[in-house]
1. Would you check which residues across segment 72-94 are within 10 Å of the ligand (Cβ to nearest atom) and either in a strand (DSSP E or B) or not acidic (Asp, Glu) (or both) and list them?
2. Quick one: which of THR252, THR268 is over 20 Å from TRP156 (Cβ atoms), touching an Asp or Glu at 6+ places or on another chain (Cβ under 6 Å) and at pLDDT 95 or above?
3. Restricting the first residue to segment 262-286 and requiring it to be open to solvent by 70 Å² or more (accessible area, probe 1.4 Å), which pairs with a second residue that is of a type in the set (Val, Ile, Thr) meet a Cβ separation below 8 Å and a spacing of at least six or different chains?
4. Do we have any residue at all in segment 44-62 that's without any contact (Cβ under 8 Å) to a residue 24 or more places away in the chain and within 23 Å of the chain's Cα centre (by Cα)?
5. Looking only at residues in segment 60-71 that are farther than 20 Å from ILE123 by Cβ and assigned to a loop (DSSP other than H, G, I, E, B), which one is modelled with the highest pLDDT?
6. Is there a residue in segment 261-271 that is in contact with a Phe, Trp or Tyr (Cβ under 7 Å, 6 or more places away or on another chain) and not in a loop (DSSP other than H, G, I, E, B)?
7. Could we say that SER2 is more than 9 Å from the ligand (Cβ to nearest atom), of a type in the set (Gly, Ala, Ser), open to solvent by 70 Å² or more (accessible area, probe 1.4 Å) and within 26 Å of ALA303 (Cβ to Cβ) here?
8. Look at LEU244 and say whether it is assigned to a helix (DSSP H, G or I), surrounded by 23 or more Cβ atoms within 10 Å (Cβ to Cβ), touching a residue at least 60 places away in the same chain (Cβ under 8 Å) and touching a helix residue (DSSP H, G or I) at 6+ places or on another chain (Cβ under 9 Å).
Amino acid sequence: MSAPLRVGVVGLGIGRAHVWAYQQLPGEFEVVAVCDTDPARAAFVRSRQNVPRTCGGFDELIAIDSRDVVSVCTPPHLHLEQCRAALATGRHVVCEKPLVGSLADVDTLADAERSSAGRLMPIFQYRFGAGIQKLRHLVARGVTGRAYLSTVETAWSRSGDYYAAPWRGRWDTERGGVLLSHATHAHDLLSFIVGPVASVYARTTTRVNPIETEDCAAAALEMTDGSVATSSATLGSHVEISRLRFCFENLTAESSLAPYAPGAEPWTFTARDDVAQEAIDETLAGFDPGSEGYVGQFARFAAALAEGTELPVTLADARASLELVTALYHSSETGLPASLPLGTDHPKYRSWLPDR
Ligand SMILES: NC(=O)c1ccc[n+]([C@@H]2O[C@H](COP(=O)([O-])OP(=O)(O)OC[C@H]3O[C@@H](n4cnc5c(N)ncnc54)[C@H](O)[C@@H]3O)[C@@H](O)[C@H]2O)c1
């Protein structure tokens with residue numbers, strides 16, 4: 001068995017969850033350093049999560065020898081340069097969503113990955129919930145039949161404390177609002193199950209908080225398989241829920257309402273008839289959905305690196321998610337539907353930020 005991969009984590013908000021998840025996999029990973037420009041945060045994580053070393057700046061982190069993996073958990077406007085710099089040293093990179101702030105930037109990162117010995121894995125940890133893994137297994141085995149209608153809802157609550165972090169709620173630093181930062185999870189799960197999006201019509205507005213970016217959105221989507229979907233998203237829901245509902249030919253699949261575990265159990269699969277029920281039961285008997293959340297994504301990451309296989313979340317997945325974001329913003333801004341894929345000559349290819 002090879003030695004654990006040595007990990008450095010930069011950005012210690014959600015980065016603390018990365019540290020914890022790597023530490024659940026001691027055979028695969030060893031967190032050797034954490035980095036944050038806020039020394040108190042770095043010192044807190046060092047002592048509470050038992051990490052040997054802290055660094056005050058990113059350059060210091062990637063100057064240390066022998067970091068095999070860098071987990072980038074800083075605010076979105078820093079992702080592109082930090083991912084590029086880490087890839088340039090030959091390290092593997094794990095990067096939080098949203099990966100970068102435009103389709104052009106994703107393509108720049110893809111070039112950087114191609115010329116590096118390291119590989120880049122974007123985060124979409126909700127894919128590894130046991131419920132959504134079961135549904136994906138049923139789809140892959142042809143048990144669900146054709147998709148008809150999918151409904152995804154992201155009804156969360158964000159207010160003043162959340163926006164106290166100066167990078168949030170601003171186009172230049174967060175790069176988007178509820179569509180980019182929050183509904184992105186539900187949209188990734190939609191495509192994980194039903195496949196790519198063909199066209200969108202979206203309306204967005206800012207009504208909940210005094211911020212630049214949108215905090216409410218509604219969208220109608222047509223998928224490339226011909227099925228249709230709706231997405232609604234707000235940061236002003238006093239009851240927080242995430243809900244995913246997929247109506248297929250042979251079954252209807254529903255998530256729980258848990259806001260921050262949309263892929264996790266309990267999910268319900270209601271069969272069209274007894275024959276469909278038997279197919280579901282047979283297909284799921286003995287199916288092991290694997291570990292969940294960040295631990296699930298990191299465990300699969302380690303296995304893919306060891307075996308040289310496709311990463312559990314790919315740059316193409318992140319690109320698809322950001323292409324959808326671009327189309328949603330474009331539709332909302334023009335008041336017209338937007339068709340995907342978007343070419344490099346699309347007016348929003350270099351930036352989806354509003355024309356101001
Ligand atoms: N996948 C998820 O479920 C999930 C959840 C929360 C956040 N996120 C994403 O994670 C990223 C960070 O969000 P957050 O909520 O943790 O933000 P945060 O503001 O809580 O934490 C960011 C940290 O980065 C540090 N930082 C800023 N600039 C730095 C630099 N140049 N070098 C080193 N450290 C620096 C800050 O001091 C801060 O501690 C965002 O992209 C966000 O969308 C993902």
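1. VAL72, CYS73, THR74, PRO75, PRO76, HIS77, LEU78, HIS79, GLN82
2. Values: THR252 fails: touching an Asp or Glu at 6+ places or on another chain (Cβ under 6 Å).
Exactly one residue qualifies, and that residue is THR268.
3. Here the result reads THR270/THR252, each pair linking segment 262-286 to a residue that is of a type in the set (Val, Ile, Thr).
4. no
5. Looking only at segment 60-71, we keep the residues that are farther than 20 Å from ILE123 by Cβ, and these are 60, 63-66.
With the extra rule that they be assigned to a loop (DSSP other than H, G, I, E, B), the set shrinks to 64-66.
Numbers: ILE64: 85, ASP65: 70, SER66: 65.
Among them, the one singled out is ILE64.
6. Initially, segment 261-271 is screened for residues in contact with a Phe, Trp or Tyr (Cβ under 7 Å, 6 or more places away or on another chain), giving 262-263.
Still in the list and also not in a loop (DSSP other than H, G, I, E, B): none.
Within segment 261-271, none of the residues are in contact with a Phe, Trp or Tyr (Cβ under 7 Å, 6 or more places away or on another chain) and not in a loop (DSSP other than H, G, I, E, B).
7. Details: more than 9 Å from the ligand (Cβ to nearest atom): yes; of a type in the set (Gly, Ala, Ser): yes; open to solvent by 70 Å² or more (accessible area, probe 1.4 Å): yes; within 26 Å of ALA303 (Cβ to Cβ): yes.
When the stated conditions are applied, SER2 passes them.
8. Numbers: assigned to a helix (DSSP H, G or I): no; surrounded by 23 or more Cβ atoms within 10 Å (Cβ to Cβ): yes; touching a residue at least 60 places away in the same chain (Cβ under 8 Å): yes; touching a helix residue (DSSP H, G or I) at 6+ places or on another chain (Cβ under 9 Å): yes.
For LEU244, the condition - assigned to a helix (DSSP H, G or I), surrounded by 23 or more Cβ atoms within 10 Å (Cβ to Cβ), touching a residue at least 60 places away in the same chain (Cβ under 8 Å) and touching a helix residue (DSSP H, G or I) at 6+ places or on another chain (Cβ under 9 Å) - is not met.
The values are calculated or read from the model by the stated rules, or taken from the named source; none is laboratory data. Predicted model, so just to flag it, every value in this text is computed and none were measured. Cβ: placed from backbone, ideal geometry, glycine included. Neighbour counts: every protein chain shown. These accessible areas exclude ligands, DNA and RNA; they are computed on the full protein's heavy atoms, side chains included. Shrake-Rupley method; radii C 1.70, N 1.55, O 1.52, S 1.80 Å.
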